[in-house]
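Below: the structure, in structure tokens.
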Amino acid sequence: YRVLGVGRGSSQADIKKAYKRLAREWHPDKNKDPGAEDRFIQISKAYEILSNEEKRANFDRYGDAGESQGYAQHQHRQFHHFHEGFYFDESFFHFPFNSERRDTSDDKYLLHFSHYISEIVPDSFKKPYLIKITSDWCFSCIHIEPVWKEVTQELEVLGVGIGVVHAGYERRLAHHLGAHSTPTLLGLINGKVTFFHNAVVRENLRQFVENLLPGNLVEKITDKNYVHFLSNWKKENKPHVLLFDHMPVVPLLYKLTAFAYRDYLSFGYVYVGLRGTEELSSQYNINVYTPTMMIFKEHIDRPADVVQAREMKKQLIDDFLSQNKFLMVARLTSQQLFQELCPMKKSHRQRKHCVVLLTGEGDKFAEAYESFLTFAVANTKDSLKFVHIYNDRQPEFADALLMDEEKYRGKSAVVILERRNNAGKVAYKTLEEAWQGSKEDNFILLDLLDQLRTDPGLLSSETVLADLNDELAPMFLIRWLYSTLDYISDCWDSLFHSNWREMMPLLSLLFSALFILFGTVIVQAFSDSSDSRDSPPSEKEETATKTKNDAGFSKESNSRVPKKGFVEVTELTDINYTSNLVRLRPGHMNVVLILSNSTKTMLLQKFALEVYTFTGSSSLHFSFLSLDKHREWLEYLLEFAQDAAPIPNQYDKHFLERDYTGYVLALNGHKKYFCLFKPHRSGDEGGPLGSCEDYDSLLHTEGRGKPSCSPGSRSIKTKLHKLSFWMERLLEGSLQRFYIPSWPALD
């Protein structure tokens, strides 16, 4: 009630009105406030409870704790009164009924479906997650609780994400994760779910999390390979990190850190107690009794930064690495790296400038690069980044800045630029002469940078840069090979751990294919043998039989096949709304076409042609809805479709003119969800209008006279394009479903 701003005695009309007003105000597409999304979720959840009379009654009866908790408390009170009469003590059963005795340490880890999809899955590309599926009345869940609590406290400090899913309240999420029993433990990394199958003890859980991580995150470094490892900075375009420690195995904290920063840094581990690392420890003056972390950039003979601590904490490592994520003069190898190194200005006081060396590969350009690197080391600041780029690998980028001038051909050039927007617009200034790395070039560049501090207008030229090519992206064949190996590994793991519920579809498909194959072979074998035993008929008898059969087939076919394109489509009105939707039988769906009076004839004809092949299904019903009569009902439904249509702004004078003709809704009245088909657009809204000849002629044949060409008529014929493919996906069950609390009244 507080979220929607209504009283406890408010009517459904008042609640609906308040919800629509707040939904328009706080919708994330219209409100750019950082907390708009959370606020919108609260509003939707509040309306879901108050719009349903049963849920609202439970909420009013059991208080502010929510419907599910209120119900649980009500059941607890009933059980409490029951066992008081029989002298039972709930501590004997160890059931967590009482909120005072219940361990609430898992509450901060509880996951919800939307939170899991929008935040946890993307975050799993930075750190692994250990997730527990639990429920009430679960003795095994209570049994593993002490081990789970100890392990989660230990792993969370190291950087592992922890999650808890209550299967009783989050059945959708539990089903999505593939958990069919409780308790279930699983790991999530890179969006991929892996189940835990061993005994729940501390060592097994820790090893499970460690096995989730890729095996090539950290390379073992000795005196033999450290030069090669550190020299790869140029090829990988990354700084390289070395951790010196006296532990024989790589610590889990270091592996987790390497996974989080794998896109920016390469990691190596030196076991100082191993024979063959003395030269390495001596060269960098390592204290073998204290863990030491060094980061190397362009110069491998000396570290760019060092940190030492008796206990390496996650926060200390994160602060150290976040300040050294890039080389001193990083090479622009992708658009993402360009945007990170050269961000847009947020205000006049936060201007970010990039000094770009446009050069080439090989010894010919080495001297110019070395002098530019020396200049960058001496002049790097927070507001100034130095980068370089290879002209032959990013030709569009170089041509846009150098304007294909002859004086820069075959030479290096320096450009100072500032990004203005995400569309690629930049302001820049190019040094008038090619960069040779001489002292004169250094003085000229330093003078320009000093002027830029006081005169931002020095960057007088503007251009639009195309997105950079991703130079380090793996080839398609390699990506496909990795995906295939991951799939085979998943199937192998599922097969060995007897996850039959998930393997059932695959096994069913395999046995069906084998049955059809062997059945075809056996039938063919018997047919050939019978044909060989039978004597061939005479030509006269064969001709007579063929003629007779053909005639009979034609007659039978003509009597059974209905007229092409005939579909029974009824209008959805107040009279049949309840029977055709609200009380529709389970498993049945009503496919509704949205049209207007002006487009009714043409859209119905096209709709009948598209859905004709699906009329054989007894579970599908076909209707149409007049947009002129029931626009408000349609817009209410579209508010639950996340990306289908923006919520109209009540202050927008054109929102009543929004064209929804051609939309198709597949409504499941029993389960209260719908699937949405948006019409195919033949061109941009702002483009020139198309021809109206087809539309006019079609209307003319219907006896309506010569109409005027409306802006929407040019695309009416193509609005239902590919509707048949959408219907196929509907029957497959692969379309996105949008759930609603209850069906609104049509009037």
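Criterion first (in contact (Cβ under 8 Å) with a residue 60 or more places away in the chain and in the same structural domain as Lys385 (by the TED database)) does Asn469 satisfy it? Walk me through how you get there before you give the answer.
Details: in contact (Cβ under 8 Å) with a residue 60 or more places away in the chain: yes; in the same structural domain as Lys385 (by the TED database): no.
For Asn469, the condition - in contact (Cβ under 8 Å) with a residue 60 or more places away in the chain and in the same structural domain as Lys385 (by the TED database) - is not met.
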Q. Quick one: what pairs do we get from region 111-139, first residue outside the structural domain of Ser181 (by the TED database) and at positive phi, second of a type in the set (Gly, Ala, Ser) and in a helix (DSSP H, G or I), C-beta under 9 Å, 6+ apart or different chains?
A. none
Q) Restricting region 204-222 to residues that are in a helix (DSSP H, G or I) and touching a residue at least 12 places away in the same chain (Cβ under 8 Å), which is farthest from Leu256 (Cα to Cα)? A) Leu205
Q) Taking region 271-283 as the region of interest, how many residues are under 21 Å from Ser231 (Cβ atoms) and either free of Cβ contacts under 8 Å to residues at least 24 places away in the same chain or β-branched (Val, Ile, Thr) (or both)? A) 3
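Where in region 407-489 are there strands (runs of 3 or more DSSP E), lying fully within it, with 2 or more residues that are open to solvent by 70 Å² or more (accessible area, probe 1.4 Å) and at pLDDT 85 or above?
Values: elements: 413-419, 425-430, 461-464.
Output list reads 461-464.
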(Q) For region 6-27, check the following and say yes or no: at least one residue is exposed (fewer than 15 other Cβ atoms within 10 Å of the Cβ), closer than 27 Å to Ser118 by Cβ, modelled with pLDDT of 80 or more and out of contact with any strand residue (DSSP E or B) (no Cβ under 7 Å at 6 or more places or on another chain). (A) yes
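Modelled with pLDDT under 95 and in a loop (DSSP other than H, G, I, E, B): does that describe Asn198? Talk me through it step by step, then tell me what you get.
Details: modelled with pLDDT under 95: yes; in a loop (DSSP other than H, G, I, E, B): yes.
Judged against the criteria, Asn198 is a match.
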Q.
The conditions are (1) in contact with a Lys or Arg (Cβ under 8 Å, 6 or more places away or on another chain); (2) charged (D, E, K, R); (3) under 17 Å from Glu340 (Cα atoms), and Asp467 fails exactly one of them. Which is it?
A. (1)
Q.
I'm checking my understanding of the structure. Among residues of region 203-243 that are touching a Phe, Trp or Tyr at 6+ places or on another chain (Cβ under 8 Å) and among the aromatic types (Phe, Trp, Tyr), which one is surrounded by the most Cβ atoms within 10 Å (Cβ to Cβ)?
A. Phe208
Q.
I'd like the residue in region 28-44 that is hydrophobic (A, V, I, L, M, F, W, C) and touching a residue at least 12 places away in the same chain (Cβ under 8 Å) and, out of all such residues, is most open to solvent (accessible area, probe 1.4 Å).
A. Ile41
Q.
Please go through region 378-402 and give me each residue that is more than 23 Å from Leu459 (Cα to Cα) and either surrounded by 13 or more Cβ atoms within 10 Å (Cβ to Cβ) or modelled with pLDDT of 90 or more (or both), ordered by number.
A. Arg393
Q. All but one of (1) open to solvent by less than 70 Å² (accessible area, probe 1.4 Å); (2) not assigned by the TED database to the domain that holds Glu370 hold for Asp301; which doesn't?
A. (1)
Q.
Among the numbered criteria (1) out of contact with any strand residue (DSSP E or B) (no Cβ under 7 Å at 6 or more places or on another chain); (2) open to solvent by less than 60 Å² (accessible area, probe 1.4 Å), which one does Leu186 miss?
A. (1)
**Q.** Candidate set from region 133-175 (those that are in a loop (DSSP other than H, G, I, E, B) and over 24 Å from the mean Cα position of the chain (by Cα)); member that is surrounded by the fewest Cβ atoms within 10 Å (Cβ to Cβ)
**A.** Trp137
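If I ask for residues that are among the small types (Gly, Ala, Ser), surrounded by fewer than 20 Cβ atoms within 10 Å (Cβ to Cβ) and farther than 14 Å from Asp382 by Cα, which ones from region 309-334 would you list?
First, the residues of region 309-334 that are among the small types (Gly, Ala, Ser): 309, 322, 330, 334.
Checking which are surrounded by fewer than 20 Cβ atoms within 10 Å (Cβ to Cβ) leaves us with 309, 322, 334.
Listed by number, the residues that qualify are Ala309, Ser334.
Kindly establish whether Thr257 is crowded, with 20+ Cβ neighbours inside 10 Å, under 38 Å from the mean Cα position of the chain (by Cα), of a type in the set (S, T, N, Q) and in the same structural domain as Glu396 (by the TED database). Show your work before the answer.
On the way: crowded, with 20+ Cβ neighbours inside 10 Å: yes; under 38 Å from the mean Cα position of the chain (by Cα): yes; of a type in the set (S, T, N, Q): yes; in the same structural domain as Glu396 (by the TED database): no.
Answer is no for this residue.
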Q: Of the conditions (1) without any contact (Cβ under 8 Å) to a residue 60 or more places away in the chain; (2) of a type in the set (Gly, Ala, Ser); (3) not assigned by the TED database to the domain that holds Pro122, Ala199 clears all except one; give me its number.
A: (3)
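Quick check on this structure: which one of His246, His240 is within 30 Å of Glu150 (Cβ to Cβ), in contact with a strand residue (DSSP E or B) (Cβ under 8 Å, 6 or more places away or on another chain) and in contact (Cβ under 8 Å) with a residue 12 or more places away in the chain? Working first, answer last.
Numbers: His240 fails: within 30 Å of Glu150 (Cβ to Cβ).
Just one listed residue meets the conditions, His246.
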Q.
Would you confirm, using the coordinates I've provided, whether Asp399 is free of Cβ contacts under 8 Å to residues at least 40 places away in the same chain, over 30 Å from Asn324 (Cβ atoms) and either among the charged types (D, E, K, R) or part of a helix (DSSP H, G or I) (or both)?
A. yes
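For region 233-245, state whether one or more residues are of a type in the set (Asp, Glu) and under 19 Å from Ser322 (Cα atoms). Even if it seems obvious, please write down each step before you answer.
Kept after step one, since they are of a type in the set (Asp, Glu), are these residues of region 233-245: 236, 245.
Among the residues that remain, those that are also under 19 Å from Ser322 (Cα atoms) are: 236.
Within region 233-245 (the criterion being of a type in the set (Asp, Glu) and under 19 Å from Ser322 (Cα atoms)), the answer is yes, since at least one residue qualifies.
The values are calculated or read from the model by the stated rules, or taken from the named source; none is laboratory data. Note that this is a predicted model, so its numbers are computed, not measured. Note that we place each Cβ from the backbone using ideal geometry, even for glycine, and neighbour counts take in every protein chain shown. We work out accessible area using only protein heavy atoms, side chains counted, and drop any ligands, DNA or RNA first. Shrake-Rupley method; radii C 1.70, N 1.55, O 1.52, S 1.80 Å.
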